[in-house]
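Bear in mind that the values in this text are calculations on the coordinates, not laboratory data. Since this is a predicted model, take the numbers as computed values, not measurements.
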Amino acid sequence: MSRIGKKPIALPAGVKYTVQGNTVLVEGPKGKVSALIPQGISLVKKDNDLVVERENDSQAGFHGLARALVYNAVTGVTTGWTKELDIVGIGYRAELKGKGMVVFTLGYSHPIEFPLPSGIEVSIDPKQTHLTISGIDRQKVGQVAADMRSLRKPDPYKNKGVRYMGEKLKKKVGKTGAK
């Protein structure tokens, strides 16, 4: 039995779910999120919890995955998901341009305009070096954060670039002089 798959998912008040074929639509106070469920996996409501069950052991590999996808959807519509990025480097910064555009200045010859997908919000601190990405779809929030980080990955020699908050980097030693 899957350790993650057998954990029940708590359904807070105001959260509804509907199963249509192999998709689950979860509605809550923040919006709607849909998640795919593999064949042979079913959702059963027991008390105020949602339990993910499988037909037989041939779906064992998908049991924990299905539970995690439904849990991410339920958490997204109740509290939402956030990722935080730090921009490190002299002159490196980000600013909001309208509602759906973030403009990065990352040491290139031109500023980089990053359009935001629907359902994603970004807030930038007054120093313009700390971004908070938030939304109800965990996969979309993580993908936007990864795309922003890939604009200027952290340099191992100078530790400059865009990094996740709390990300530890190993600083490499530069060349030593010839003697």
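Considering Cα pairs under 8 angstrom that are at least six residues apart, work out the relative contact order of the chain and quote it in whole percent.
With pairs under 8 Å counted, the relative contact order is 18 percent.
Could you compute how fast the chain diffuses translationally, taking Rh as the Kirkwood radius over C-alpha pairs and applying Stokes-Einstein at 37 °C with viscosity 0.692 mPa s? Give it in µm² per second.
Diffusion coefficient, whole number: 174 µm²/s.
How much space per residue, in cubic angstrom, does the convex hull of the C-alpha atoms of the stretch 9-78 take up?
Here the figure is 68 Å³ per residue.
Using 0.36 nm per residue of separation minus the Cα-Cα distance, give me the extension gain between Ser109 and Lys45 in nm, one decimal.
17.4 nm
Please report the orientation-averaged projected area of the stretch 81-164, defined via the convex hull of its C-alpha atoms, in nm².
Directional mean of the projected Cα hull area for the stretch 81-164 stands at 5.2 nm².
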